[in-house]
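The values are calculated or read from the model by the stated rules, or taken from the named source; none is laboratory data. None of these values were measured; they are calculated from a predicted model. Cβ: placed from backbone, ideal geometry, glycine included. Neighbour counts: every protein chain shown. Side chains included, ligands, DNA and RNA excluded: accessible areas come from the protein's heavy atoms. Shrake-Rupley method; radii C 1.70, N 1.55, O 1.52, S 1.80 Å.
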Amino acid sequence: MQDNNPKYIIDHGAMRLSQWLAVLVTVGLNAMDGFDVLSISFASPGIAKDWGVDKATLGWVLSMELIGMGVGSVLLGGVADKIGRRPTILACLLAMSAGMFGASQAGGVTTLLAWRLLTGLGIGGMLAAINAAVAELSSRRWRNLAVSLMVIGYPVGGVIGGTIVQQLLGSGTWHEVFIFGGWITAAFVPIVWFLLPESVDFLDRRRKPGALQAINRILTRFGHQPTSALTADTVESAQRSVTDIFKPGLIVSTVLVTLGYFAHVISFYFIIKWVPKLVVDLGFAPKAAAGVLTWANVGGATGVAIFGLLATRVSLKALTLIVLFGSSAMVVWFGRGSADLAALAATVALAGVFVNAGIGGYYMLFARIFPTHVRGTGTGFAVGMGRAGAVLAPVVAGYLFRAGFGLQAVATIMAAGSLLSAAALLALKVREET
């Protein structure tokens, strides 16, 4: 292999400060995604009270941006592979900001659902684009750590957002939750514009006019020597297509990793979406419920951090299997409930450790399984199809509650998702990097 082509320089060169800064931007983007997704969970008790909606209807309110995320991931993941990671991220930020501000002004369920759908479209495209971006901004040696840091952003956003929301709910209404999210999302537009460059690997692969000059500007910015030529084109590379995820070399991996992610997010989103309402139903105040969800995200950030460190020394597949089994067990344990707020918060925090670590494991698997030319497409497809599980989680739980099932029975049913995920992962062949 030519040792001075753009991909080789990024893969094997040292990680410079400006590269870590770009990774940090993706952490912030995922943190903001985390808050935007959880904003409806924080606001749901107030919405239910103001509008008098029942649990089944509330399930759809909680799920609407997840439907948008599924569509956005599938459609915009492919867009990120065609027009670039950076412009896709910027467009998604604009959509998310508009959706958050619009939700703050909603006067009824139908209008709120429309704005949450728009927000979800932006979030879905964002998740696919930043997973590809962070993998391609990082050297091979530090790629797993960089991806894990990006994933940590999601629960960190929930922690910080939850802390702020407790103050907002103490002095205002649920409308302020969306206003705050809208301003934070809008603030990331200039941050991305100035600090997050396009992927060198993407520019090298697309080979548009001026690509070499653009690549050398980024390499110089990253503290690397410029290159004299793009990576040599081959017959194989010229025939690559975004549809390769469905061709013999990748289709089995695509199906298994998508099924695994789909199943696990059922368990994940049951915890994330229903905790505030269930805590209120156990007799605690909405402000306390937001605090419990914050602890779920403290556990989540801790779990992904530990997972990322262990993944540098332990088989990624084996480690992910362990946390999936732990996730199922902790969701069942949450179903026991508690009359003590501290004990309930501790249970939810430990559940957060495992369910979030499982999500982190899958994002690392996406970056490893899908090659550059379909990394956005493959990640977007897996995340998009997986979002069907995210949609099902709050809706199915809502109907189970309305049918008369208790918390323990519903939690046990929803915990089966992580077990099915583990079964799919057992069948998946994963290349271990050294």
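Observations, loosely collected:
- Residue-wise HN-Hα couplings along the range 319-326, as the Karplus relation 6.51 cos²θ - 1.76 cosθ + 1.60 with θ = phi - 60° gives them from phi, are 5, 5, 4, 4, 6, 5, 5, x Hz; Gly and Pro carry x.
- A probe of 1.4 angstrom, applied to the heavy atoms of all protein chains, finds Glu176 with accessible area near 70 square angstrom.
- Space enclosed by the convex hull of the alpha-carbon atoms of the range 34-189, per residue, Å³: 103
- Binned Cα-Cα distance frequencies in the chain - 20 Å width, integer %: 28, 57, 14, 0
- Helix 55-83 and the longest principal axis of the C-alpha atoms of the chain enclose an angle of approximately 0°.
- Comparing Thr372, Thr258, Thr227 in a Gaussian network model of the chain (Cα springs below 10 Å), the most mobile by mean-square fluctuation is Thr227.
- C-alpha long axis of helix 17-51 to longest principal axis of the chain, angle in °: 20
- Residues Arg85, Arg207 ordered from highest to lowest accessible area at a 1.4 Å probe: Arg207, Arg85.
- The range 155-233 - charge dipole about Cα centre, Lys and Arg +1 at Cβ, Asp and Glu -1, debye rounded to 20: 280
- Nearest 10 degrees, 0 to 90: helix 407-427 Cα axis against the chain principal axis: 20
- Selection among Gly84, Thr227, Val383 by position relative to the dipole of the chain gives Thr227 as farthest towards the positive end (Cβ unit charges, Cα centre).
- Heavy-atom accessible area per residue - the chain, 1.4 Å, Å²: 37
- Test item: Cα-centred dipole of the chain, Lys/Arg +1 and Asp/Glu -1 on Cβ, debye: 520
- Positive-end residue of Ile191, Ser148, Gly46, charge dipole of the chain with Cβ unit charges: Ser148
- Cα point-scatterer Debye curve for the range 315-434, base-10 log of I(q)/I(0) at q = 0.17, 0.18 Å⁻¹: -0.93, -1.00
- The chain, helix-only ellipticity at 222 nm - DSSP H runs n ≥ 4, -39,500 (n - 2.57), divided by all residues, nearest 500: -27500 deg cm²/dmol
- 18 Å cut-off, amide nitrogen to a point 7 angstrom out along Arg16 Cα→Cβ, residues in the range 179-209: 194-204
- Percent carbon-and-sulfur accessible area, the chain, ignoring ligands, DNA and RNA, probe 1.4 Å: 68
- Integer Hz, Karplus 6.51/-1.76/1.60 couplings in order for the range 155-166, x for Gly and Pro: x, 4, x, x, 5, 5, x, x, 5, 5, 4, 4
- Integer Hz, Karplus 6.51/-1.76/1.60 couplings in order for the range 356-366, x for Gly and Pro: 6, 4, x, 4, x, x, 5, 5, 5, 5, 4
- Start at zero, step by 5 Å, and the Cα-Cα distances of the range 79-157 spread as 3, 15, 20, 18, 18, 12, 7, 4, 2, 1, 0 percent across the bins.
- Modelled label reach - Ala427, point 7 Å along Cα→Cβ, the range 243-265 residues with backbone N closer than 11 Å: 252-253, 255-257, 259-260
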